[in-house]
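The values are calculated or read from the model by the stated rules, or taken from the named source; none is laboratory data. The structure presented is a predicted model; accordingly, all values stated were derived computationally and were not measured. Backbone-built Cβ (ideal geometry, glycine too); neighbour counts: all protein chains shown.
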Amino acid sequence: MLAAGPPTATPEPSRHLAPAARRLWRIEGALAGGLALAAAGVLQAVAGGTLAWLGWIAAIALAVLASVAVPELRWRRWRWEVREHEIDIRRGTLAVTRTLVPMLRVQHVDTKRDLLQQWLGLATVVFHTAAGANEIPALTVAEAGQVRDRIAELARAADEL
Amino acid sequence: MSSEPDGEAAAPGIAPRRLHPAGIAVLGVGALRGLALPLGLAFAGALLGAGGGQPLGRALAFGVLGALLASAAGVVAWLTTRWSVADGTLRLRTGVLSTKEVDVPLSRVQAVDTVHGPLQRLFGVRGVHVQTAGGGREGEITLPAVTPADVERIGAALRGRGGAPAEPAAPAAPRAERRLGRRRLLLAALTAGQVGVILPALAVVPQLLGEVWGGDLRTAGRDGLRFAPDSAPEWILAAAALIVLAWLLSAAGAVLAFAGFTVARDPDRLRVRRGLLARREATVPVARVQAVRVVEGLLRQPFGLVTVRAEVAGYAKEAAAAQTLFPLLRRTEVEPFLAALLPEMADGLGALEGPPRRALPRYVLPSAAAWLGAGAAAGVLVPALAPWALLVAIPAAALGAARWRAAGSRIADGRVAVRFRRLSRVTVLAPAARRQEHGMRQTVLQRRAGLADLELRVGAGTRGRVRHLEAVAAARAFDALRRQRRVR
């Protein structure tokens, strides 16, 4: 079990993202790594020498981290929970962030899917407050729909109280 | 301002109409402002006589052309603008090539500002800015010229709206009112400058001028105006002169914005009036005020002076002046001031729990190191500055220590207070249940030291973050905030 932020009396969120989230992040990481490698190639062509070697090392390290290590760690750390009065999120690899959004403050909620997510059958739930938006990324499409509807219902109930 | 009884009786609606004809002038001047840059360039080009001929005549021609364009734009904009109130919705239709249609349900209106600028005064009209929560700058619906009678009607329609908290039919005399006296205004103006912000920017200016000149700055200076300083003392002198200039400009800006500042409390609204050339009046329902920010600028804190700002959804992206609840108070006056005008937010400024002593290096070292790096870079770029540039690390370290001293939070009696410093020291006061979200953050390094950050968001723009608290204290605050659920 990974340590995850200071212990609180508030129960920790328990739900994971969809397992396929790892694949999504690996692909995104691989794309970023590819860009870094391309940049290193450009550096080689322009400058050459020691600088280019350093560039290659950095690019390869970044590609490995972004496409292998980070997605796994990120997935293991990501937790969320929708309760009657609040949405509880815990996330982060090097810095663990815990966010609590009162249901009363949720203005609207939606789901979105980019191309990669459509291909992998994933969706992101976005809920907006006056202060900005928060996301639960990479749930399965069915679960994302349920979560969206549940948040909408709870937010409406909170409004009527 | 008392509303007319017959305006209350009828279902509040306003038939579609144009702006007051004075709108032509106001819109035209607005268009002229848009044209200012190209016209200014054309002017300068003409005067410098790029193409020969008679420079003055050409400049005059450009001036006339600009005036014609602006008036034409004003007339067209006026002809194509219509607004109305019907079915509880404020509507605006405007534009020729790209038409814009804005519908704002009255129940969504956060606040209404009226502007009484020089042009509007000349014609006896008002500008009206309607603010909603989603708002960008300036207000979502801007009516630059409306007759006072129509302003009254808009006000009456808003008072009769559904959804929003009911307001009494006849507002009583203001329960409390505060005026900014002349001495205070002067003091506010003199301490308005954010010198700290200007300083690093100014350091870059000579460098930029050199880039613009394209050649060697010093040669250009000797050939021309002897503008460029030769030695470090001269650089410092030049920078000091620029700082004084910037300071005077900010003082003048503060006088323009805050002259005649008055804030008054009606039963459930705040009315803020201010401005020298353009008189502005903002009406804010108290229920829309999310939090209060007490800002102690670098120039003000040593004298125990503060500015009080209100966090209102819809004003988040407005200029700082528009959010001001009072431009200048003594620190000790803040609590009585809030108790009289905005008891919903009143709270003390002291007794906050700060980060432990062992967190001090975490505040000092990163900023000192960053500025040391920046100083070294500046020294490399401008050799004359080399020995001096590294000294910026000292104020940077001092600022880090000041940030450590400033940081703190308190949750008690259903209220939350969070204090932090970027340059100015800011204390955010809010009912805990008004928060939009709150959170906690811990990096790997913080975990080893048993520290954590506490984050709080209220309203749309205020994000308070207290860094490097005891992890246990941060967790306790996190739990305590969670228990604050109901808006009282």
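With the condition kept exactly as written, say whether any residue in region A:19-36 is more than 14 Å from chain B (Cβ to nearest Cβ) and in a loop (DSSP other than H, G, I, E, B). Outline the logic, then answer.
Residues of region A:19-36 that are more than 14 Å from chain B (Cβ to nearest Cβ), as a first pass: A:19-36.
Narrowing further to those that are in a loop (DSSP other than H, G, I, E, B): A:19.
Checked region A:19-36: at least one residue is more than 14 Å from chain B (Cβ to nearest Cβ) and in a loop (DSSP other than H, G, I, E, B).
Go through region B:251-301 residue by residue and tally those that are of a type in the set (Lys, Arg) and in a loop (DSSP other than H, G, I, E, B).
In the first step, residues of region B:251-301 are kept if they are of a type in the set (Lys, Arg); the result is B:265, B:269, B:271, B:273-274, B:279-280, B:288, B:293, B:300.
Restricting the remaining residues to those that are in a loop (DSSP other than H, G, I, E, B) gives B:300.
Here the count works out to 1.
Taking B:Ser3, is it surrounded by 16 or more Cβ atoms within 10 Å (Cβ to Cβ), at pLDDT 75 or above and out of contact with any Cys (no Cβ under 7 Å at 6 or more places or on another chain)?
Working: surrounded by 16 or more Cβ atoms within 10 Å (Cβ to Cβ): yes; at pLDDT 75 or above: no; out of contact with any Cys (no Cβ under 7 Å at 6 or more places or on another chain): yes.
No.
With the checklist (1) within 27 Å of B:Ala339 (Cα to Cα); (2) more than 14 Å from every other protein chain (Cβ to nearest Cβ); (3) small (Gly, Ala, Ser) in hand, flag the one item B:Ala397 doesn't pass.
(1)
Return the residue satisfying two criteria in turn: it lies in region B:289-315 and is farther than 17 Å from B:Leu328 by Cα and either among the β-branched types (Val, Ile, Thr) or surrounded by fewer than 24 Cβ atoms within 10 Å (Cβ to Cβ) (or both), and of such residues it is modelled with the lowest pLDDT.
B:Ala313
Restricted to region A:135-161, and to residues that are touching a residue at least 12 places away in the same chain (Cβ under 8 Å) and among the acidic types (Asp, Glu), which residue is surrounded by the fewest Cβ atoms within 10 Å (Cβ to Cβ)?
By that ranking, first place goes to A:Asp159.
What about A:Gly48, is it of a type outside the set (A, V, I, L, M), free of Cβ contacts under 8 Å to residues at least 40 places away in the same chain and out of contact with any Leu (no Cβ under 7 Å at 6 or more places or on another chain)? Walk me through how you get there before you give the answer.
On the way: of a type outside the set (A, V, I, L, M): yes; free of Cβ contacts under 8 Å to residues at least 40 places away in the same chain: yes; out of contact with any Leu (no Cβ under 7 Å at 6 or more places or on another chain): yes.
Yes: the conditions hold for A:Gly48.
Of (1) more than 28 Å from B:Gln131 (Cβ to Cβ); (2) among the charged types (D, E, K, R); (3) without any contact (Cβ under 8 Å) to a residue 12 or more places away in the chain, B:Arg463 satisfies all except one. Which?
The one condition B:Arg463 does not meet is (1).
Of all the residues that make up region B:415-450, how many are within 12 Å of chain A (Cβ to nearest Cβ), modelled with pLDDT of 90 or more and in contact with a helix residue (DSSP H, G or I) (Cβ under 6 Å, 6 or more places away or on another chain)?
3
Looking at (1) within 8 Å of chain A (Cβ to nearest Cβ); (2) under 21 Å from B:Pro356 (Cα atoms); (3) in a helix (DSSP H, G or I), find the lone condition where B:Arg482 falls short.
Failing condition for B:Arg482: (2).
Residue pairs, Cβ under 8 Å, 6 or more apart or interchain, first in region B:405-416 and in the same structural domain as B:Pro361 (by TED's automatic domain parsing) and within 17 Å of B:Pro343 (Cα to Cα), second of a type outside the set (Lys, Arg) and at pLDDT 90 or above. List them.
As it stands, the answer is none, since no pair meets every condition given.
If A:Val106 satisfies all but one of (1) touching a strand residue (DSSP E or B) at 6+ places or on another chain (Cβ under 8 Å); (2) over 27 Å from B:Arg435 (Cβ atoms), what's the number of the condition it fails?
With (1) touching a strand residue (DSSP E or B) at 6+ places or on another chain (Cβ under 8 Å); (2) over 27 Å from B:Arg435 (Cβ atoms) applied to A:Val106, the lone miss is (2).
Residue check: is A:Ser14 among the polar types (S, T, N, Q) and closer than 30 Å to A:Ala155 by Cα?
Yes; evaluated as a whole, the condition is true for this residue.
Given the options B:Gly28, B:Gly63, name the one that is modelled with pLDDT of 75 or more, within 16 Å of B:Leu143 (Cβ to Cβ) and in a helix (DSSP H, G or I).
Of B:Gly28, B:Gly63, the one residue that is modelled with pLDDT of 75 or more, within 16 Å of B:Leu143 (Cβ to Cβ) and in a helix (DSSP H, G or I) is B:Gly28.
How many of the residues in region A:77-111 are of a type in the set (Asp, Glu), at the interface with chain B (Cβ under 10 Å from one of its Cβ atoms) and assigned to a loop (DSSP other than H, G, I, E, B)?
0
Pick from A:Gly55, A:Gly92: which is surrounded by 17 or more Cβ atoms within 10 Å (Cβ to Cβ), within 14 Å of the chain's Cα centre (by Cα) and without any contact (Cβ under 8 Å) to a residue 40 or more places away in the chain?
It is A:Gly92.
Based on what the data block shows, is A:Gly132 within 28 Å of B:Arg463 (Cα to Cα) and surrounded by fewer than 17 Cβ atoms within 10 Å (Cβ to Cβ)?
For A:Gly132, the condition - within 28 Å of B:Arg463 (Cα to Cα) and surrounded by fewer than 17 Cβ atoms within 10 Å (Cβ to Cβ) - is met.
Look through region B:134-145, keep the residues that are surrounded by 19 or more Cβ atoms within 10 Å (Cβ to Cβ) and in a loop (DSSP other than H, G, I, E, B), and return whichever of them is modelled with the highest pLDDT.
By that ranking, first place goes to B:Glu140.
Check A:Val147 against each of (1) within 14 Å of chain B (Cβ to nearest Cβ); (2) in a helix (DSSP H, G or I); (3) among the aliphatic types (A, V, I, L, M) and name the one condition it does not meet.
With (1) within 14 Å of chain B (Cβ to nearest Cβ); (2) in a helix (DSSP H, G or I); (3) among the aliphatic types (A, V, I, L, M) applied to A:Val147, the lone miss is (1).
Any residue at all in region B:76-87 that is assigned by TED's automatic domain parsing to the domain that holds B:Leu19, under 19 Å from the mean Cα position of the chain (by Cα) and of a type in the set (Asp, Glu)?
No, region B:76-87 contains no residue that is assigned by TED's automatic domain parsing to the domain that holds B:Leu19, under 19 Å from the mean Cα position of the chain (by Cα) and of a type in the set (Asp, Glu).
In region A:120-139, which residues are more than 18 Å from A:Arg91 (Cβ to Cβ) and modelled with pLDDT of 90 or more?
A:Leu120, A:Gly121
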